[in-house]
Amino acid sequence: NPTHSHHIIHLYTSAIMKTTALIIASTVVAASAFSPSSMKMSADGVSARRDFFKVVGTAGVAAASTAAFPLVASADIEVPSQVTEYPFPDNWGLTFDYAEDAKKVRDHMYVATGLGKGAVKMEDYGKNMKKEMIDFVSYYRRFPKIAGKPSFSTLYTSINVLAGHYTSYGFKYPLPEKRRKRLYQEYAEIEKSLKRSR
């Protein structure tokens with residue numbers, strides 16, 4: 001029946017168009033989260049940080065980043081138990097050496113992801129972490145050779161997840177188990193990429 005075939009083709013085409021539109025919209029949202037227009041740098045960088053989290057702090061960007069960036073292969077990752085006592089870092093901030101900064105940010109995020117309820121200096125840790133993540137992305141995303149590295153794109157995705165958690169729940173609330181597992185998977189990928197200088 002030609003009419004029936006035409007109807008099926010119409011439904012199929014409509015579904016493809018909707019899916020394509022969703023992917024494009026997700027990619028645009030994720031890309032615009034860090035576009036220069038959404039992050040005007042002020043002399044002290046405060047407005048850049050504020051703008052960054054206005055944009056990044058929404059669940060929409062977290063969902064869009066999931067659609068825009070490939071998910072890490074779901075290898076069996078051991079999720080460490082949450083801790084309440086840990087060595088508080090004294091090396092916050094950038095050195096402006098990508099490999100060193102990416103490793104440091106990843107290591108600090110690893111600790112942040114493992115902090116349990118009532119962890120010592122949890123709020124201070126979160127505030128330092130948030131500033132370091134913003135500074136890292138604000139600085140390194142400007143360099144195409146770095147922004148194209150797998151370690152940077154995976155770290156960027158992880159930063160979106162942790163930043164979104166801080167924006168939604170504050171600094172004293174531990175990450176849920178599902179989110180922790182996803183982050184630990186991404187941290188393992190970042191570590192592998194950095195070891196290969198990628």
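The values are calculated or read from the model by the stated rules, or taken from the named source; none is laboratory data. Remember, it's a predicted structure, so these values are computed and weren't measured experimentally. Ideal geometry is used to build each Cβ from the backbone, glycine not excepted, and the neighbour counts take in all protein chains shown. Protein only, heavy atoms only, side chains kept; ligands, DNA and RNA dropped before computing areas. Shrake-Rupley method; radii C 1.70, N 1.55, O 1.52, S 1.80 Å.
Key figures
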{"quantity": "Tally, over the stretch 88-103, of residues that are in contact with a helix residue (DSSP H, G or I) (Cβ under 9 Å, 6 or more places away or on another chain) and open to solvent by 30 Å² or more (accessible area, probe 1.4 Å)", "calculated": "8"}
{"quantity": "Residue count, the stretch 126-136 (criterion: touching a helix residue (DSSP H, G or I) at 6+ places or on another chain (Cβ under 6 Å) and either surrounded by fewer than 20 Cβ atoms within 10 Å (Cβ to Cβ) or hydroxyl-bearing (Ser, Thr, Tyr) (or both))", "calculated": "0"}
{"quantity": "Filtered residue count, the stretch 159-171, keeping only those that are open to solvent by 50 Å² or more (accessible area, probe 1.4 Å) and polar (S, T, N, Q)", "calculated": "2"}
{"quantity": "Hits in the stretch 74-101 (condition: touching a Ser or Thr at 6+ places or on another chain (Cβ under 8 Å) and farther than 25 Å from Glu123 by Cβ)", "calculated": "Ala99"}
{"quantity": "Only listed residue being open to solvent by 40 Å² or more (accessible area, probe 1.4 Å), outside any loop (DSSP other than H, G, I, E, B) and at pLDDT 95 or above, chosen from Tyr139, Tyr156", "calculated": "Tyr139"}
{"quantity": "The stretch 180-193, subset touching a residue at least 40 places away in the same chain (Cβ under 8 Å) and open to solvent by 40 Å² or more (accessible area, probe 1.4 Å), residue nearest to Phe96 (Cα to Cα)", "calculated": "Glu191"}
